[in-house]
Amino acid sequence: QVQLVESGGGLVQTGDSLRLSCAASGRTFSLYAMAWFRQAPGKERERVAAITWSGGSTVYADSVKGRFTISRDNAKNTVYLQMDSLKPEDTAVYYCASAKTTILGLHNSRPWDYWGQGTQVTVSS
């Protein structure tokens, strides 16, 4: 009942910036939080950042802390991931996800209920 559509990926060079967007539609009024994940070939999926809709609380993976910023526009049902100082190791497919309930808060072990199709980010060295 919730659809997520990512956009903004592309091919950039080391040190460049990108901003990813995730637009949510459908029955979004009761969603608790949104998050960005990424997965590179041969590697485990990694949660990059997460944010709550109501309070705007944020969490970040250590690998992106200080370089990436997650934000949201509640009126537009859209979340963003501003990525600065990109490195080749940031290359991955980036996925948007959403959670319905407050159970486990933004702990890394919490489940996510809806997923987008992903957008490719490639950073050349």
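The values are calculated or read from the model by the stated rules, or taken from the named source; none is laboratory data. What you see is a predicted model, and the numbers here were worked out from it, not measured in a lab. Heads up, the Cβs are rebuilt from the backbone with ideal geometry, glycines too, and the neighbour counts pull from every protein chain shown. Areas reflect the complete protein model, heavy atoms only, side chains present, ligands, DNA and RNA absent. Shrake-Rupley method; radii C 1.70, N 1.55, O 1.52, S 1.80 Å.
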Odd one out for Lys76, checked against (1) more than 23 Å from Val123 (Cβ to Cβ); (2) surrounded by fewer than 14 Cβ atoms within 10 Å (Cβ to Cβ); (3) in contact with a Ser or Thr (Cβ under 9 Å, 6 or more places away or on another chain): (3)
Within the range 1-57, which residues are surrounded by 12 or more Cβ atoms within 10 Å (Cβ to Cβ), free of Cβ contacts under 8 Å to residues at least 40 places away in the same chain and of a type in the set (Phe, Trp, Tyr)? Trp53
Does Ala92 count as within 13 Å of Leu31 (Cα to Cα) and surrounded by 18 or more Cβ atoms within 10 Å (Cβ to Cβ)? no
Under 9 Å by Cβ, and 6 or more places apart or on different chains, what pairs join a residue from the range 96-125 that is closer than 18 Å to Ala49 by Cβ and assigned to a strand (DSSP E or B) with one that is among the β-branched types (Val, Ile, Thr) and open to solvent by 50 Å² or more (accessible area, probe 1.4 Å)? Cys96/Val5; Val123/Thr14
Considering only the range 58-72, state which residues are under 16 Å from Cys96 (Cα atoms) and open to solvent by 30 Å² or more (accessible area, probe 1.4 Å). Thr58, Val59, Tyr60, Thr69, Ser71, Arg72
Filter result for Glu89 (among the acidic types (Asp, Glu) and either part of a strand (DSSP E or B) or over 16 Å from Val12 (Cβ atoms) (or both)): no
Every residue in the range 113-125 that is open to solvent by 30 Å² or more (accessible area, probe 1.4 Å) and within 13 Å of the chain's Cα centre (by Cα), please. Tyr114, Trp115, Gln117, Gln120
Any residue that is among the aliphatic types (A, V, I, L, M), more than 25 Å from Thr28 (Cβ to Cβ) and touching a residue at least 40 places away in the same chain (Cβ under 8 Å) - is there at least one of those in the range 65-84? no
Condition test on Arg110, is it of a type in the set (Lys, Arg) and open to solvent by 30 Å² or more (accessible area, probe 1.4 Å)? no
